[in-house]
Every structure is written in C-alpha cells, then in structure tokens.
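The values are calculated or read from the model by the stated rules, or taken from the named source; none is laboratory data. The structure presented is a predicted model; accordingly, all values stated were derived computationally and were not measured. Positions of Cβ are generated from backbone atoms using ideal geometry, with glycine treated the same way; all protein chains shown enter the neighbour counts. Surface accessibility is based on the protein's heavy atoms, side chains included, excluding ligands, DNA and RNA. Shrake-Rupley method; radii C 1.70, N 1.55, O 1.52, S 1.80 Å.
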Amino acid sequence: MKIICIGRNYIDHAKELGNDIPTEPVIFMKPKNAIIQAHAPFYYPEFTNELHYECELVLRICKNGKYIQERNASNYYNGITVGIDFTARDIQNELKKNGLPWEKAKAFDNSAAFGKFIDLAPNFDKKNVNFSFNKNGETVQRGNSRDMIFSFDHLIADISKYFSLNIGDVIFTGTPAGVGECVVGDELEAFLEGESLLKVGIK
Ligand code: ZN
C-alpha cells in the first residue's frame with residue numbers, strides 16, 4: 001500500500017505558510033514505514049526542533065484504477081477517517097528554500113497517523129464533512145471538506161494520472177489553517193463529525 005498526501009488544499013492554510021494558492025494538486029508520498037497505529041505513542045524525532053501537526057481527512061481506496069474519471073471517482077474510495085501528517089517544519093523550510101524534495105521533513109518513520117476508517121454510506125455528503133483536532137484538550141484546527149480547493153473526486157482523478165491507485169492505499173487530503181507545533185508530553189486527538197477516531201501522545 002502507499003500513502004499519498006496533498007499539500008496546500010485549503011486556501012487559509014496555504015496563506016498561513018506563505019505559499020501561493022495551487023492551480024493543480026500538490027502531491028507527495030510517504031512510505032509504509034510512516035504509518036503509526038492508532039493509540040500508539042509517537043516518539044519525538046531527534047532530527048527536528050519544530051515538529052508540527054497537520055490534521056487531515058484521509059480516504060481509503062477500495063478499487064484498483066488508473067486514469068480514473070472524476071465522475072467515476074467515488075467508486076474508488078469507501079472509507080474516511082482523520083489523520084495527522086506529522087511534519088518537521090524546520091527541515092521542510094530549509095528544503096523548500098533550497099528547492100529540494102520534502103521527504104526528510106514529511107515521510108519519516110511514524111509521520112502518518114490515522115484513525116479507524118468509517119465506512120461511507122451511499123448517501124454520504126462528501127462536500128460537507130466536518131473534522132477537528134485538539135491539542136491537550138483545546139481545539140486548534142477545524143475543517144470542512146467544502147473548503148478544499150480540490151475535491152476528493154478531483155484529487156482521485158488527478159493522482160491516478162500519475163500513480164495507479166490500489167486497494168488499501170490511503171490519501172491524506174490536506175490540512176486546514178491552524179497547524180502548529182507539538183512537543184513531548186502533548187496529547188493529540190482528532191475527531192470526525194465530533195467522534196474521536198485518533199489519539200496520539202508525543203513521547
Ligand atoms: Zn499535510
């Protein structure tokens with residue numbers, strides 16, 4: 001399986017990091033080793049001094065496909081959850097400045113946490129999915145899929161031009177505004193429609 005991630009998919013978040021609004025999806029990937037299981041501890045990596053959380057909606061791919069049409073895209077995912085795209089922001093800023101790839105900042109071990117997937121009901125309203133994220137019990141990010149620059153279906157169509165999608169792949173669909181630092185001792189919790197689906201403690 002693979003973990004595909006989308007950068008800058010919410011206008012407010014692109015602006016908070018001083019990035020331009022993209023005209024096509026910004027795509028990057030994380031390896032399988034990046035997965036951290038729900039309720040497992042996260043050990044603060046020694047190579048960063050500025051670890052950021054990014055809470056995101058995550059889709060589960062349920063059908064193999066390539067060159068998927070946007071109008072058929074909803075047949076290719078059947079589950080949704082919330083996840084954290086852990087980012088070494090200091091490393092990423094350095095890499096960005098030098099025009100280098102982001103992997104060291106984004107794709108390291110345990111950098112992809114996601115919760116239990118919720119099966120999508122046939123009447124699922126994909127343009128109105130609420131999610132939120134707490135740090136130490138305080139809500140620091142709130143998002144709704146209606147504010148995404150590129151919709152779920154648009155992302156599937158675009159990604160599948162470059163990369164075949166396979167059953168079990170997951171897609172992190174980008175983070176809304178409110179990203180920030182986490183430190184040892186922080187307790188992180190992510191919610192989908194008010195339901196807690198993911199908890200991570202930083203050790
Ligand atoms: Zn992200």
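In table form, for the structure just shown:
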{"item": "S160 being open to solvent by less than 10 Å² (accessible area, probe 1.4 Å), away from the ligand (no atom under 14 Å from the Cβ), in contact with a helix residue (DSSP H, G or I) (Cβ under 9 Å, 6 or more places away or on another chain) and small (G, A, S)", "result": "yes"}
{"item": "Considering residues of segment 54-99 that are surrounded by 15 or more Cβ atoms within 10 Å (Cβ to Cβ) and aromatic (F, W, Y) only, the residue nearest to N9 (Cα to Cα)", "result": "F86"}
{"item": "Hey, V26 open to solvent by less than 10 Å² (accessible area, probe 1.4 Å), farther than 23 Å from V183 by Cα and within 11 Å of the ligand (Cβ to nearest atom) or not", "result": "no"}
{"item": "Residue within segment 165-174 that is within 16 Å of the ligand (Cβ to nearest atom), on the phi > 0 side of the Ramachandran plot and touching a Lys or Arg at 6+ places or on another chain (Cβ under 8 Å) present", "result": "yes"}
{"item": "Pairs with Cβ under 6 Å, 6+ apart, first in segment 100-125 and open to solvent by less than 30 Å² (accessible area, probe 1.4 Å) and more than 15 Å from the ligand (Cβ to nearest atom), second part of a loop (DSSP other than H, G, I, E, B) and among the aliphatic types (A, V, I, L, M)", "result": "G115/A38"}
{"item": "Any hit, segment 40-53, residues being within 16 Å of the ligand (Cβ to nearest atom), closer than 27 Å to N134 by Cβ and aliphatic (A, V, I, L, M)", "result": "yes"}
